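The values are calculated or read from the model by the stated rules, or taken from the named source; none is laboratory data. Keep in mind that this is a model prediction, so the values were computed, not measured. Quick reminder, even Gly has a Cβ in these numbers, built from the backbone with ideal geometry, and neighbours come from all protein chains shown. Each accessible area value is taken on the protein alone, full model and side chains, heavy atoms only, with ligands, DNA and RNA left out. Shrake-Rupley method; radii C 1.70, N 1.55, O 1.52, S 1.80 Å.
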Number of protein chains: 2
Amino acid sequence: MAMRPSHVIRYVLEQYKSYRVPNVTQSLPSWYTKGTNGSLDSWSRCVHGSVALTQKKAERVPLSSERFPQLKRGEFARVTDGDLQVFERLVASRVLTEPGDIEGHNVDWSGTCRGAGQVLLRPKTTEEVSAILRYCNGRRLAAVPQGGNTGLVGGSVPVFDEVIISMSLMDKIISLDEISGVLVCQAGCVVDKINGALEPHGLMTPHILGSKGSCQIGGNISTNAGGLRMLRYGNLHGNVLGVEAVLANGDVLDCLSTLRKDNTGYDLKQLFIGSEGSLGVVTAASVLCPRIPGAISVALLGCDSFAQVLQTYDAAKKMLQEILSAVEFMDRASMEVVQENLQLTCPLGAHRYYLLVETSGSNAAHDEEKLNSLLGHLMEKGMVDDGTVATEPSKVQSLWALRENVAVALRADGCVYKYDVTVPMSRFYDLVVDTRERVGTDATRVVGYGHLGESDIHLNVTCPKHNEDVFDALEPWVYDWVAKCKGSVSAEHGMGILKRDYLYHSNTGPVVLLMKQLKGLMDPKGILNPYKIFPD
Amino acid sequence: MAMRPSHVIRYVLEQYKSYRVPNVTQSLPSWYTKGTNGSLDSWSRCVHGSVALTQKKAERVPLSSERFPQLKRGEFARVTDGDLQVFERLVASRVLTEPGDIEGHNVDWSGTCRGAGQVLLRPKTTEEVSAILRYCNGRRLAAVPQGGNTGLVGGSVPVFDEVIISMSLMDKIISLDEISGVLVCQAGCVVDKINGALEPHGLMTPHILGSKGSCQIGGNISTNAGGLRMLRYGNLHGNVLGVEAVLANGDVLDCLSTLRKDNTGYDLKQLFIGSEGSLGVVTAASVLCPRIPGAISVALLGCDSFAQVLQTYDAAKKMLQEILSAVEFMDRASMEVVQENLQLTCPLGAHRYYLLVETSGSNAAHDEEKLNSLLGHLMEKGMVDDGTVATEPSKVQSLWALRENVAVALRADGCVYKYDVTVPMSRFYDLVVDTRERVGTDATRVVGYGHLGESDIHLNVTCPKHNEDVFDALEPWVYDWVAKCKGSVSAEHGMGILKRDYLYHSNTGPVVLLMKQLKGLMDPKGILNPYKIFPD
């Protein structure tokens, strides 16, 4: 095994910033904006802040009401001119009704779901959100809250003609307590903007996501986004200290505590973490922010058996402990796709599996010593077959780029079927093996990559264009497979519209019943983000 | 400033075990069992596993129904002979009705609350808990679930004649996945027992509590216990991956996921974390367990101004980052009480404030270097006036003993009024100063200590015996003070019966309204742990 030389450099904030993973809207490679990818060829950040397709491209996406003919519009009122006049009064000149302004907000990031919303409201304050919902509830008008619109299950766009409430103008940082590390901000703050405000104080958000240039903290909370460093910093249920939310009836629920300990009655803020805007609209949040690490190192390791992968993960946890910040997984097909479609270079030879192990700590020399000690152990025990280490920012970035660009590279194959699921670690790769066998040569590629540390596998299957046979082979088979091994059919992003039929795959009857009762209690008219989460 | 020499020793598991903080029932000093402390003079671990007073001593505690005459018994049925026959059928020979068997379970740990329960049930399985609650709900019999009975707000004992459901026999470890670190166990497992099962695998619970020798994981979850290492490992909302709970109507809610990521519908398990058994009885849990650190160091520092305390905390966070595991605070009066009442020795001279800073890491030499670097910085900048470092287990233990024995030492003064609240860090010590001024010479001591890292202050006031003037000066004044600075009237333990009148001090009207609606939804007959949490 050849270990590459490594350099130890203490990151300064600017460097840390520069190495962060590419933004989905800002760093798409040139082929991506030149039409290689069918309907997804010209994403742009729309003027209203969310990720959105241009009107022309959006119109090519089939309407969800046509794609899912079994869906019936709920018994909601339709927006009238009278309603528009009221909205004008409530949010002044921030009522959009021109198709050119709205169409991008009707379509989700992946170009899979398209609603037919005819009005988009852009509140700036909690009071405005409250007034909007109070009115909508009284009139029985359905509404969908929309953050950065970067979700992958169609959760943030209308299905029929729901009123779209864009949170993008609610982007104020409210306060930052440097000593406690607690930030309070409005829900529409983009994660990159938050980190921009935190960096001068040596702090960062506890979650870092691929879509951080567009996704908003309110959307992150509503989908319980985990991201790339959850292994180290934990989930939002632990890191969100407070939430302000507006209920369907317009009542403002102020659970915006900034305290790490507060056990006074039920912890209602938890209800809004991961409930996809269906129990209330998150308008502000307080978040516990960790310090930006002083040093970051990355090792890319090649293994030729999955047993080695698990042994390596176990050894990394044991030997790196407090400095371990990510253990990412790629199979050979994932590595090939970034090499073939994006011409990225892998510093290792061909292996069945690759692991990217990241450390973050306060002392570069200490971290390097720990990492080298781990690598020595792995080599000695034959747990890895090859490896390279990077501590210099540009090299760290280039190793991360291999992992982070898999999703982008796959799109160049044409059509991508994506499954983001959690399975027990012992079954982590079996899903890919079984899928490959099932779809056979009909697919261009079947790849598996993801967050090994959280047992979260991204199963992706590509074809030159949509292939009904492949799709039928995949669904519901993949979800059945996951349910059989007691996995979760949604590791990230929630259920939205695309996964709602599989809610019972990961939940028992009594659990779903209580979820529905909770929905009925908090939104009795069902106006908040209807058609999502629950099967009919 | 004189820095004491330090030794670097890598902890072995046995050593780590031995240094842990003393158990409340096992390490009470001899004077404690000899009657110095009024009605609390003869605690014993009762045969049924919970902490409980002997019958004779329990009977000296006034009945809650007499102490709080404004409380009216709810419209619940009373247990009949027919009910007892049914219970006998449901849990066989595990129905206790002899006063001698029950009385200890009617009184809480602090000897403040005493119910008049006449039957205690000891289920062994979730199915038995389900059968009990289904029957109680049908008959409208009120019930109180009881874990280790170590709470401080009277939450785990009856108020009137509620049926006591002791969880102590539900103490099975169900599974442990060493690679993912996920443990699944029944709710009645004592934390020490869990750690005993984890230790051979190099793992530990994410929360360590003073009462770990008696408290049960189900009770920890029901009160969202934080403990001593929350600064490092986060709270139970983040670390509990799954909960199995039985609802008031007997339905079993299986949210016992072992996955770190699972976003399939509402995260219902969060409802049971911190809801004090009032929404359902937790019967099992899965917990993400961190690795036992390889090395532990502790520094005890003396500061003469509170500004220095905050500067030191800030510097410790910045320079120790990933290895910082606790920052505990004591004022001079706290240090004096362990010296005077327990004859413990403080290695530092007299200072206004003391900080105990603990590091845990995987490499003792690295940690020592980081800690020494911090100490050099603190000395150079004049942030601390004196300090000592310990890395040898026995010395680490003796420094921790100073902090951990404050609560025990205070009891020797006679009567202790205890307030565990969270306040903004900038006001952390103001509460103690203002309280001292308010109670004047009527009190023996007014001390402040606690978890600085979580801004959780333990305000304790002692008198030779109960003093109505002191008590009247303290309540509700302390809670008003906390509410005014937007703190939490309950940092730990929840509201129970003792704090329920202050629920609105830390929550707005709409928040409490939704809590009540949730209670009404999940327990429409109100049989689960009635009279707790909510004011009338």
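Taking the listed residues B:324, B:256, the one that is within 14 Å of chain A (Cβ to nearest Cβ), over 30 Å from residue B:174 (Cα atoms) and out of contact with any His (no Cβ under 9 Å at 6 or more places or on another chain) is B:324, with no other qualifying.
Filtering the range A:379-433 to residues that are polar (S, T, N, Q), part of a helix (DSSP H, G or I) and closer than 30 Å to residue A:480 by Cβ leaves only A:426.
Could you tell me which of the residues A:265, A:274, A:234, A:238 is within 7 Å of another protein chain (Cβ to nearest Cβ) and in contact with a His (Cβ under 6 Å, 6 or more places away or on another chain)?
A:238
When you check residue B:498 against the structure, is it open to solvent by 10 Å² or more (accessible area, probe 1.4 Å), of a type outside the set (Ser, Thr, Tyr) and part of a loop (DSSP other than H, G, I, E, B), yes or no? For residue B:498, the condition - open to solvent by 10 Å² or more (accessible area, probe 1.4 Å), of a type outside the set (Ser, Thr, Tyr) and part of a loop (DSSP other than H, G, I, E, B) - is met. Residues that are over 13 Å from residue B:487 (Cβ atoms) and among the acidic types (Asp, Glu) within the range B:435-456 comprise B:437, B:442, listed in sequence order. For residue A:260, the test of being closer than 25 Å to residue B:454 by Cβ, of a type in the set (Lys, Arg) and part of a loop (DSSP other than H, G, I, E, B) is passed. All of A:522, A:515 fail the test of being crowded, with 17+ Cβ neighbours inside 10 Å, at pLDDT 95 or above and closer than 16 Å to residue B:264 by Cα, apart from A:515. Of all residues in the range B:466-488 being touching a strand residue (DSSP E or B) at 6+ places or on another chain (Cβ under 6 Å) and open to solvent by less than 50 Å² (accessible area, probe 1.4 Å), which is nearest to the other protein chains (Cβ to nearest Cβ)? So the residue we want is B:488.
Rundown of residues vs (1) in contact with a Leu (Cβ under 7 Å, 6 or more places away or on another chain); (2) more than 19 Å from residue B:425 (Cβ to Cβ), yes/no style:
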residue	(1), (2)
A:169	no, yes
A:181	yes, no
A:198	yes, no
A:204	yes, yes
A:211	no, yes
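I need the full set of residues from the range A:424-439 which are more than 21 Å from residue B:182 (Cα to Cα) and open to solvent by 40 Å² or more (accessible area, probe 1.4 Å), in order please. Residues satisfying the conditions are A:433, A:434, A:436, A:437, A:438. Evaluating residue B:340 against the criteria (1) more than 9 Å from chain A (Cβ to nearest Cβ); (2) within 20 Å of the chain's Cα centre (by Cα) leaves one unmet condition, (2). Of all residues in the range A:300-341, those satisfying the criterion of being closer than 17 Å to residue A:352 by Cβ and of a type in the set (D, E, K, R) are A:304, A:328, A:331, A:332, A:336.
Take residue B:316 and decide whether it is open to solvent by 10 Å² or more (accessible area, probe 1.4 Å), assigned to a helix (DSSP H, G or I), without any contact (Cβ under 8 Å) to a residue 60 or more places away in the chain and not acidic (Asp, Glu). No. Within the range B:462-483, identify whether any single residue is of a type in the set (A, V, I, L, M, F, W, C) and in a strand (DSSP E or B), and answer yes or no. Looking for residues that are of a type in the set (A, V, I, L, M, F, W, C) and in a strand (DSSP E or B), one finds at least one in the range B:462-483, hence yes.
Residue by residue through the range A:304-334, note down the ones that are among the polar types (S, T, N, Q) and more than 24 Å from the chain's Cα centre (by Cα).
Hits for the range A:304-334 are A:305, A:308, A:311, A:312, A:321.
Taken as a whole, the range A:203-222 holds no residue that is within 10 Å of another protein chain (Cβ to nearest Cβ), crowded, with 24+ Cβ neighbours inside 10 Å and within 22 Å of residue B:236 (Cα to Cα).
Counting only strands (runs of 3 or more DSSP E) wholly contained in the range B:88-193, the ones carrying 3 or more residues that are touching a Gly at 6+ places or on another chain (Cβ under 9 Å) occupy B:143-146, B:163-166, B:182-186.
Taken over the range A:348-372, residues that are at the interface with chain B (Cβ under 9 Å from one of its Cβ atoms), in a loop (DSSP other than H, G, I, E, B) and open to solvent by less than 20 Å² (accessible area, probe 1.4 Å) amount to 1. Among the residues of the range A:69-87, some residue qualifies, meaning at least one is within 24 Å of residue A:499 (Cβ to Cβ), among the aromatic types (Phe, Trp, Tyr), surrounded by fewer than 22 Cβ atoms within 10 Å (Cβ to Cβ) and at pLDDT 95 or above.
Can you pull out every residue in the range A:514-536 that is more than 8 Å from chain B (Cβ to nearest Cβ) and free of Cβ contacts under 8 Å to residues at least 12 places away in the same chain? Matches in the range A:514-536: A:520 only. Per this entry, residue A:345 is counted among residues that are part of a loop (DSSP other than H, G, I, E, B) and either surrounded by fewer than 17 Cβ atoms within 10 Å (Cβ to Cβ) or within 14 Å of chain B (Cβ to nearest Cβ) (or both).
For the range A:183-194, state whether one or more residues are within 12 Å of chain B (Cβ to nearest Cβ) and either crowded, with 20+ Cβ neighbours inside 10 Å or not hydrophobic (A, V, I, L, M, F, W, C) (or both).
Checked the range A:183-194: at least one residue is within 12 Å of chain B (Cβ to nearest Cβ) and either crowded, with 20+ Cβ neighbours inside 10 Å or not hydrophobic (A, V, I, L, M, F, W, C) (or both).
Which residues, counting only those in the range B:88-134, are loosely packed, with under 15 Cβ neighbours inside 10 Å and within 22 Å of residue B:497 (Cβ to Cβ)? Of everything in the range B:88-134, just one residue is loosely packed, with under 15 Cβ neighbours inside 10 Å and within 22 Å of residue B:497 (Cβ to Cβ), namely B:99. The sole residue among B:442, B:413 that is farther than 18 Å from residue B:153 by Cβ, among the acidic types (Asp, Glu) and in contact with a helix residue (DSSP H, G or I) (Cβ under 6 Å, 6 or more places away or on another chain) is B:442. Scanning the range B:241-253 for residues that are facing chain A (nearest Cβ under 7 Å) and either open to solvent by less than 10 Å² (accessible area, probe 1.4 Å) or farther than 25 Å from residue B:520 by Cβ (or both) gives a single hit, B:253. Within the range A:277-305, being outside any loop (DSSP other than H, G, I, E, B) and facing another protein chain (nearest Cβ under 9 Å) holds for A:288, A:291.
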